[in-house]
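> The structure's right below; bear with me while I get my questions together.
The values are calculated or read from the model by the stated rules, or taken from the named source; none is laboratory data. Please read these numbers as outputs of a predicted model, since none were measured by experiment. Ideal geometry is used to build each Cβ from the backbone, glycine not excepted, and the neighbour counts take in all protein chains shown.
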Amino acid sequence: MTRYPEAKKIKEILDEAKHIVVVQADNPDVDSLASSLAIEAILENQDKQVTLYCGVDLPGYLHYLPGWGRVVKDLPKKFDASIIVDTSSDSLLEQLDKFGAKSWLAAKPVIVVDHHATDTTIGFATVLCHYPAVATAEIIYELASQLNWQLNQETNELLAMGILSDSLGLMSQSTNARSIHIIAELVETGVDLAELESLRRETLRRDAELIHYKGRLLQRVEFYSDNRVAIVSIPWEEIEQYSPLYNPSMLVIDDMRLAKGTDVAIAFKIYKEGKVTAKIRCNYGYGIADKLSEHFGGGGHPLASGFKITDGRSYEEIKSETIKTAAQLLDKLEQERADEIL
Ligand SMILES: [Mn+2]
């Protein structure tokens, strides 16, 4: 079991608080939602009032998590403390800033619980529980053991969903023995993995029109730099039409990196008013995604990351710089590998 030195301070803050807000960043996923719902159950069990906040609508594929509908887009008027889950990046809390709510949050004790490898940029955190783990849900589980928080059946299932999702079914690079042990412990309490998997699989079903759209996107994939870099671009009209159904990038990005010789897949979205976003996925052994995003002011994991450009640069310019930078980073990686062998 991992013991966190921050646990004592976390307990003090939560003991003092009556109403706690749990905050997800502007890129909610299974881990952030499952962690939020788990914290809610744990704190309600201690007779606390809990509000679940996320500045953006939760995407439809998250709706298989029981309780997702309790997440709201407005901060409550009064609360005593907050817990930010699954991010250490201030730039992912942009929605909060829109209504000046960030300073409001910062005026009360703020606990950050996160597992991302990037450095923390949340300067207003009172307590930072930021450790390498495969998922935030894993850190919550460890905190619960350390602080003797009671976990009921549903909470155990949520934590398992968070860990399995971020670890890609315990197959990702950052999965360690402890993550697998925790899943084993959760199974011992009665969590049924086959049942969780069938719930998740239901969410993989798509609207029929997305099957056709996916085909069109795949036809537009371009390969560069000896096929090492695969790129697709999604114009605003398609974002507008298909995003309510599914994130267009996610329809094809995993297929793109299945091409022989491809190391990196990048999906660009071109918005109105010159905003361009990129989603980057790398194959195992070619983890340059974090460095590629950092080049453009973004961040993330070596195998998965993203960035956003709003400075008015043209899409063509961004795209060619991305291809060039990706190729340089891949060359560097291969050079380092060759040096190691020598
Ligand atoms: Mn996570």
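> Name the single residue that is farthest from E12 (Cα to Cα) among those in segment 118-139 being in contact with a helix residue (DSSP H, G or I) (Cβ under 7 Å, 6 or more places away or on another chain) and within 13 Å of the ligand (Cβ to nearest atom).
The residue in question is V134.
> Continuing with this model, one more query. Which ones in segment 1-36 are acidic (D, E) and part of a helix (DSSP H, G or I)? Full working, then the answer.
Taking segment 1-36 and keeping what is acidic (D, E), we get 6, 12, 15-16, 26, 29, 31.
If the condition is that a residue be acidic (D, E) and part of a helix (DSSP H, G or I), then E12, D15, E16, D31 are the ones that fit.
Let's see how each residue does on (1) surrounded by 14 or more Cβ atoms within 10 Å (Cβ to Cβ); (2) at pLDDT 95 or above; (3) in the same structural domain as H115 (by TED's automatic domain parsing); (4) among the acidic types (D, E):
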site: A184; (1), (2), (3), (4): no, yes, yes, no
site: E195; (1), (2), (3), (4): no, yes, yes, yes
site: R220; (1), (2), (3), (4): no, yes, no, no
site: D226; (1), (2), (3), (4): no, yes, no, yes
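> Now for a separate question. Tell me whether segment 95-113 contains one or more residues that are within 12 Å of the ligand (Cβ to nearest atom) and under 15 Å from the mean Cα position of the chain (by Cα). Lay out the reasoning, then the answer.
Step one: of segment 95-113, the residues within 12 Å of the ligand (Cβ to nearest atom) are 113.
Imposing the further condition that a residue be under 15 Å from the mean Cα position of the chain (by Cα) reduces the set to 113.
Among the residues of segment 95-113, at least one is within 12 Å of the ligand (Cβ to nearest atom) and under 15 Å from the mean Cα position of the chain (by Cα), which makes the answer yes.
> Could you go through segment 315-337 and let me know if any residue there is of a type in the set (A, V, I, L, M, F, W, C), in a strand (DSSP E or B) and closer than 25 Å to E94 by Cβ.
Here is the first cut: in segment 315-337, the ones of a type in the set (A, V, I, L, M, F, W, C) are 318, 323, 326-327, 329-330, 333.
Subset that is in a strand (DSSP E or B): none.
No, because not a single residue in segment 315-337 is of a type in the set (A, V, I, L, M, F, W, C), in a strand (DSSP E or B) and closer than 25 Å to E94 by Cβ.
> Can you find even one residue in segment 249-262 that is touching a Pro at 6+ places or on another chain (Cβ under 9 Å), among the basic types (K, R) and surrounded by fewer than 19 Cβ atoms within 10 Å (Cβ to Cβ)?
First pass over segment 249-262, keeping only residues touching a Pro at 6+ places or on another chain (Cβ under 9 Å): none.
The answer is no; no qualifying residue exists.
> Count, please, the residues in segment 169-185 that happen to be more than 16 Å from the ligand (Cβ to nearest atom) and closer than 17 Å to V30 by Cα.
As a first pass, look at segment 169-185 and keep what is more than 16 Å from the ligand (Cβ to nearest atom): 177, 180-181, 184-185.
Retained after the next criterion (residues that are closer than 17 Å to V30 by Cα): none.
The qualifying residues number 0.
> Hey, can you tell me all the residues within segment 270-280 that are in a strand (DSSP E or B), without any contact (Cβ under 8 Å) to a residue 40 or more places away in the chain and surrounded by fewer than 22 Cβ atoms within 10 Å (Cβ to Cβ)? I'd like the intermediate steps shown before the answer.
Applying the first criterion (in a strand (DSSP E or B)) to segment 270-280 yields 270, 276-280.
Narrowing the set further to residues that are without any contact (Cβ under 8 Å) to a residue 40 or more places away in the chain leaves 277, 279-280.
Listed by number, the list holds a single entry, T277.
> Of the residues G299, G306, which single one is outside the structural domain of H116 (by TED's automatic domain parsing), closer than 22 Å to R220 by Cα and either more than 17 Å from the chain's Cα centre (by Cα) or of a type outside the set (D, E, K, R) (or both)?
Numbers: G299 fails: closer than 22 Å to R220 by Cα.
Exactly one residue qualifies, and that residue is G306.
> Also: One residue is enough: does segment 203-212 have a residue meeting the conditions in a loop (DSSP other than H, G, I, E, B), under 28 Å from R257 (Cα atoms) and among the hydrophobic types (A, V, I, L, M, F, W, C)? Before the answer, list the steps.
So in segment 203-212, the residues in a loop (DSSP other than H, G, I, E, B) come out as 203-207.
With the extra rule that they be under 28 Å from R257 (Cα atoms), the set shrinks to 203-207.
Within this subset, residues satisfying the condition of being among the hydrophobic types (A, V, I, L, M, F, W, C) are 204.
Yes, that holds for at least one residue.
> Search segment 224-253 for residues that are more than 17 Å from P59 (Cβ to Cβ) and pair each with any residue that is modelled with pLDDT under 95 when their beta-carbon atoms are under 6 Å apart and the residues are at least 6 apart or on different chains.
W236/K272
> Quick test for you: out of I42, I13, pick the one residue that is of a type in the set (A, V, I, L, M, F, W, C), out of contact with any His (no Cβ under 7 Å at 6 or more places or on another chain), farther than 23 Å from L196 by Cβ and assigned by TED's automatic domain parsing to the domain that holds L96.
Working: I42 fails: farther than 23 Å from L196 by Cβ.
From the options I42, I13, the qualifying one is I13.
> If D31 meets every condition in (1) buried (at least 22 other Cβ atoms within 10 Å of the Cβ); (2) away from the ligand (no atom under 16 Å from the Cβ); (3) among the acidic types (D, E) apart from one, which number is that one?
Unmet condition: (2).
> I need the full set of residues from segment 166-202 which are within 23 Å of the chain's Cα centre (by Cα) and in a loop (DSSP other than H, G, I, E, B), in order please.
The answer is S167, L168, G169, L170, M171, S172, Q173, S174, T175, N176.
> For segment 140-168, how many residues are without any contact (Cβ under 8 Å) to a residue 12 or more places away in the chain and either within 12 Å of the ligand (Cβ to nearest atom) or of a type in the set (D, E) (or both)? So that I can check it myself, show each step before the final result.
Restricting attention to segment 140-168, the residues satisfying the condition of being without any contact (Cβ under 8 Å) to a residue 12 or more places away in the chain are 148, 168.
Those still in the list that are either within 12 Å of the ligand (Cβ to nearest atom) or of a type in the set (D, E) (or both) too: 168.
Within segment 140-168, residues that are without any contact (Cβ under 8 Å) to a residue 12 or more places away in the chain and either within 12 Å of the ligand (Cβ to nearest atom) or of a type in the set (D, E) (or both) number 1.
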